[in-house]
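K.L.:
Quick one: structure below, then a few questions.
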Amino acid sequence: MQKATFAGGCFWCMVTPFEELPGIGGIVSGYSGGHVENPTYEEVKTGTTGHYEVVEITFDPQLFPYERLLELYWQQIDPTDDGGQFHDRGSQYRTAIFYHDEAQEKLALEAKEKVEASGKFQKPIVTEILTAQTFYPAEEYHQGYHKKNKDDYKADRAKSGRDEFIDQHWTGE
């Protein structure tokens, strides 16, 4: 099993595209990339910790290759927005791929180049490719939020604009 760590705005919305796929061993919402040890959600949401909201995915590369994870990741985000994602604003909601080894770095950079060359976007691609740092799991109430709080999750996702963006830019991929 390997790890993949992605920042794509609200971590609740980054769980559902990856769960229940063959080879996915687990998905944990959390924080990474900042300077505060063991941050809390209350600290991270201020935007002052340097942390991103991320998901850490455990996967079997034989059943679900990292390249496929990357393809799915890009289709969940607006890679041109450096101020957050959709209605979630702030540095904690920026996009990034945190690579865990040189092979992941190479594949992430290639995937970013492919998105840049696709012509789908008029603005520059700002999603960062960064070395994986310490991952801090979010509080338990954030884990599986979309299952524990179905109505709240659906309402938040609906008002975010994420699905409309995905339909406009990624459907048909």
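K.L.:
Dipole of region 50-102, Cα-centred, from +1 at each Lys and Arg C-beta and -1 at each Asp and Glu C-beta, to the nearest 20 debye? Present the calculation step by step, with values, prior to reporting the outcome.
P.N.:
Numbers: 3 positive and 11 negative charges, 33 e Å.
That gives region 50-102 a dipole magnitude of about 160 debye.
K.L.:
Starting from the 7 Å offset along Cα-to-Cβ, what nm value, one decimal, do you get for the label separation of residue 19 and residue 122?
P.N.:
3.7
K.L.:
Over the heavy atoms of residue 37, what accessible area does a 1.4 Å probe trace out, to the nearest 10 Å²?
P.N.:
Residue 37 has an accessible surface of roughly 140 Å² with all protein chains in place.
K.L.:
Taking the Cα centre as origin and putting +1 on Lys and Arg beta-carbons and -1 on Asp and Glu beta-carbons, what dipole magnitude results for the chain, to the nearest 20 debye?
P.N.:
Values: 17 positive and 30 negative charges, 59 e Å.
My answer is approximately 280 debye.
K.L.:
Of the candidates 119, 34, 161, which one comes out as most mobile in a Gaussian network treatment of the chain with C-alpha springs shorter than 10 Å?
P.N.:
Ranking 119, 34, 161 by mean-square fluctuation puts 119 first.
K.L.:
Further question on the same structure: Could you tell me the calculated FRET efficiency between residue 102 and residue 40, based on Cβ-Cβ distance and R0 = 45 angstrom, to the nearest 0.05?
P.N.:
Values: r = 33 Å, r/R0 = 0.73.
Computed FRET efficiency for residue 102 and residue 40: 0.85.
K.L.:
Something else: Can you send over the carbon and sulfur percentage of the accessible area for region 42-84, probe radius 1.4 Å, protein chains only?
P.N.:
Details: 710 of 1590 Å².
Whole-percent figure for carbon plus sulfur exposure: 45.
K.L.:
State in Å² the accessible area per residue of the chain; use a 1.4 Å probe, count heavy atoms of protein chains only, and round to the nearest integer.
P.N.:
Numbers: 8510 Å² over 173 residues.
The answer is 49 Å² per residue.
K.L.:
Enumerate the calculated ³J(HN,Hα) couplings along region 47-52 in order (Karplus 6.51 cos²θ - 1.76 cosθ + 1.60, θ = phi - 60°), each rounded to whole Hz, writing x wherever the residue is Gly or Pro.
P.N.:
x, 9, 8, x, 6, 9
K.L.:
Here is a follow-up. Counting alpha carbon pairs within less than 8 Å and at least 6 residues apart, what relative contact order, in whole percent, applies to the chain? Before the final figure, lay out the partial values.
P.N.:
Values: 313 pairs, mean separation 49.8, N = 173.
Reported as a whole number, the value is 29 percent.
K.L.:
For the chain, what is the number of Lys pairs with C-alpha distance below 26 angstrom, counting only pairs 8 or more positions apart or on separate chains?
P.N.:
Number of lysine pairs found: 22.
K.L.:
Something else now. Between residue 159 and residue 48, what length comes free when the chain is fully extended (0.36 nm per residue of separation minus the Cα-Cα distance, one decimal in nm)?
P.N.:
Numbers: separation 111, 0.36 × 111 = 39.96 nm, distance 2.53 nm.
The residue 159-residue 48 span can extend by a further 37.4 nm.
K.L.:
What are the ³J(HN,Hα) values, in whole Hz, obtained from phi via the Karplus relation 6.51 cos²θ - 1.76 cosθ + 1.60 with θ = phi - 60°, for each residue of region 15-22 in sequence order, with x given for Gly and Pro?
P.N.:
7, 4, x, 9, 6, 6, 9, x
K.L.:
Please compute the contact order of region 1-80 in relative form: average sequence separation of alpha-carbon pairs under 8 Å and at least six residues apart, divided by the residue count, as a percent.
P.N.:
Numbers: 128 pairs, mean separation 34.5, N = 80.
It rounds to 43 percent for region 1-80.
K.L.:
If R0 is 22 Å, what FRET efficiency do you get for residue 67 and residue 167 from their C-beta distance, rounded to 0.05? Don't jump to the answer; show the numbers that get you there.
P.N.:
Working: r = 24 Å, r/R0 = 1.07.
For R0 = 22 Å, the calculated efficiency reads 0.40.
K.L.:
Divide by every residue of the chain the summed helix terms, -39500 (n - 2.57) for each DSSP H run of at least 4, and state the resulting mean residue ellipticity at 222 nm, rounded to the nearest 500 deg cm²/dmol.
P.N.:
Values: 7 runs with 57 residues, N = 173.
Using -39500 (n - 2.57) per qualifying helix, the result is -9000 deg cm²/dmol.
K.L.:
I've got another one for you. Can you grab the distance from the C-alpha centre of region 1-54 to the C-alpha centre of region 77-129, Å, no decimals?
P.N.:
15
K.L.:
Top mean-square fluctuation among 111, 132, 158, Gaussian network model of the chain, C-alpha springs under 10 Å?
P.N.:
158
K.L.:
In the chain, what is the volume of the convex hull around the alpha carbon atoms, normalised per residue and reported in Å³?
P.N.:
Numbers: hull volume 19.5 nm³, N = 173.
It comes to 113 Å³ per residue, whole-number rounded.
The values are calculated or read from the model by the stated rules, or taken from the named source; none is laboratory data. In this text, all values refer to a predicted model and were calculated from it rather than measured experimentally. So basically every Cβ, Gly included, is an ideal-geometry build from the backbone, and we count neighbours across all protein chains shown. Note: accessible area is taken over every heavy atom of the protein model, side chains too, but ligands, DNA and RNA are not part of it. Shrake-Rupley method; radii C 1.70, N 1.55, O 1.52, S 1.80 Å.
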